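Taking it in order: structure first as structure tokens, then the write-up.
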Protein chains: 2
Amino acid sequence: MTNHVTRAGGTSDSRLTQPAYDIDPDDIPDIVIRRLPIYVRTLKGLVESGSRSVSSEELASLIGVTAAQIRRDLSYFGKFGKQGKGYDIEHLSGAIEQILKLDRQWPMVLLGMGRLGHAIASYRGFSRSSFTIAGLFDADPAKVGEKVNDLVIRPMSEVADAMREEGIRVGIIATPRVQAQEAADLLVKGGAEAILNYAPVILRVPEHVTVREIDPVSALQSMTYYIDRD
Amino acid sequence: MTNHVTRAGGTSDSRLTQPAYDIDPDDIPDIVIRRLPIYVRTLKGLVESGSRSVSSEELASLIGVTAAQIRRDLSYFGKFGKQGKGYDIEHLSGAIEQILKLDRQWPMVLLGMGRLGHAIASYRGFSRSSFTIAGLFDADPAKVGEKVNDLVIRPMSEVADAMREEGIRVGIIATPRVQAQEAADLLVKGGAEAILNYAPVILRVPEHVTVREIDPVSALQSMTYYIDRD
DNA sequence: TTACACTTGTGAACGGGAACACGTGCAGCC
DNA sequence: GGCTGCACGTGTTCCCGTTCACAAGTGTAA
């Protein structure tokens, strides 16, 4: 995690071009990075509604944060707005997508093809974004060979090789809890740099690998704390 | 959100009893609350492995946080440990479950019975915890009447009434994006205090309603930022 | 019984992200 | 074309969660 973020070249949008050289990704709080997808999503909604530009104030009220926070967040990456005018929606949206490297397709492997794995494999939300499930894997020989959405389930042992061959660096873990760490190790062996973990375990991975947890049960378990009456 | 947290009565475990009166839930950072389910989960894992007690140090390294943080987190709710000894695993686990109100069953309604809704309805992770899906709802008349795991899909218009009748205060939204706010409004109307939202939208809800987002696409989109090479 | 090793609970210090507040520059209008 | 006002970008302040550090309590062993 020591390279620089916004690559030269890319789009030919010459107005509103930001410098954005010499930004160390490590200097930007992760919390800021996690807000960026929300900004993109909201901006795309605004495009649909036909707007050309937004102020930080409007965007903020749409998202439910403060305008100052949006301005500060964006300032980490450059200058995207015009004083007195606001932000050009399409431009800003594109710029953030570029920052997040969403201006390309990301193939992913999916590990664990039980009920959850099947559901994820069929989930349409991924394909609508920049992500494609390109490989399905399961440790159970009985499941290997089964066809799901034009993909054949392959044996777990082949994950690392498949990732290297196909240049895949994003993995999804949907195995049972006890096999999740093992799955993570395989992903790391295959060169994974990003892991989406649906198993309720804290994974041990090297420094350079990012992990995000999807944990609906924890989410529910923390919400009940706030429920008032019995 | 102005009542007090740890109710009197409950378990009869008289050793290691903490005071815990006069704790205002609002005074405790939400981030702390969100860590508690992880503590419980880890403690339960330790029970299985046969241990009797843990130190904050051990627990911390298991979870991947600092020992000081665990001690501080727990201190918001009372005194659960013994100096020189650590924490009694079973007791601490039970105490946190009580704090989170996991010492009972929470029935939930599930709104939106598309692919995602079906997957959630069949998800075993909920039933293994303190949560049960008690009602399925969809706006599409064609889906109404369909039976899924012993439950019949009911029309969306009946949500609020059903919740009040059955005393349900937790809802899951699995509708398409554009119907999610509408679904949230119905849940609020039915008296929901906790909403688990799988739709990629920011929901507008009254102050006293807690919402947690499950958003795998955002998670992926923020991770690609950190991926190094092309 | 005393000494010692261990670990908690918490006051105090620290650090980092959020919010404030304003100088600056662009836009639009008379 | 000059003037007015709006909204960005950012130096500064503030706040809150995290970490430090240690006094005090507990168990063990000689």
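Here are a few things to note about the model shown:
- Surrounding net charge for residue B:137, when Lys and Arg each add one and Asp and Glu each subtract one, Cβ distance under 15 Å: -4
- Ignoring aspartates and glutamates fewer than eight residues from residue B:147 along the same chain, the ones with Cα atoms less than 15 angstrom from its Cα are B:138.
- Student exercise, the protein assembly as shown dipole from Lys, Arg, Asp, Glu Cβ charges, in Debye to nearest 20: 40
- Nearby aspartates and glutamates by direct alpha-carbon distance to residue B:79 (threshold 16 angstrom, same-chain neighbours under 8 apart not counted): B:13, B:22, B:88, B:90, B:97
- Anisotropy class of the stretch B:102-216 from Cα gyration tensor, a/c 1.5 cut: rounded
- At most 16 other Cβ within 10 Å, DSSP loop - GluC sites (Glu not before Pro), the stretch A:164-225: A:207
- The stretch A:87-162: GluC sites (Glu not before Pro) falling in loop per DSSP and having at most 16 other Cβ within 10 Å: A:146
- Beta-bridge orientation, the stretch B:71-184: approximately 25 percent antiparallel, per DSSP, counting only bridges with both partners inside.
- Least to most buried among B:217, B:209 (fewest other Cβ within 10 Å first): B:217, B:209
- Gyration tensor verdict on the protein assembly as shown (Cα atoms; rounded if a/c is under 1.5, prolate if a/b is larger than b/c, oblate otherwise): rounded
- Spatially proximal lysines relative to residue A:82 (Cα-Cα < 22 Å; intrachain offsets below 8 disregarded): A:44
- Within the protein assembly as shown, helix-based [θ] at 222 nm, where runs of 4 or more DSSP H residues each add -39,500 (n - 2.57), nearest 500: -11000 deg cm²/dmol
- Taking a ≥ b ≥ c as the square roots of the eigenvalues of the Cα gyration tensor, chain A is classed as prolate, since a/c reaches at least 1.5 and a/b is larger than b/c.
- 13 Å beta-carbon shell around residue A:147, net charge (K/R +1, D/E -1): -1
Any read-out appearing in this document is the output of simple, stated calculations on the displayed coordinates, not a laboratory observation. Treat the numbers as computed from the prediction; the structure is a model and nothing was measured. Cβ atoms come from the backbone with ideal geometry, glycine included; neighbour counts cover every protein chain shown.
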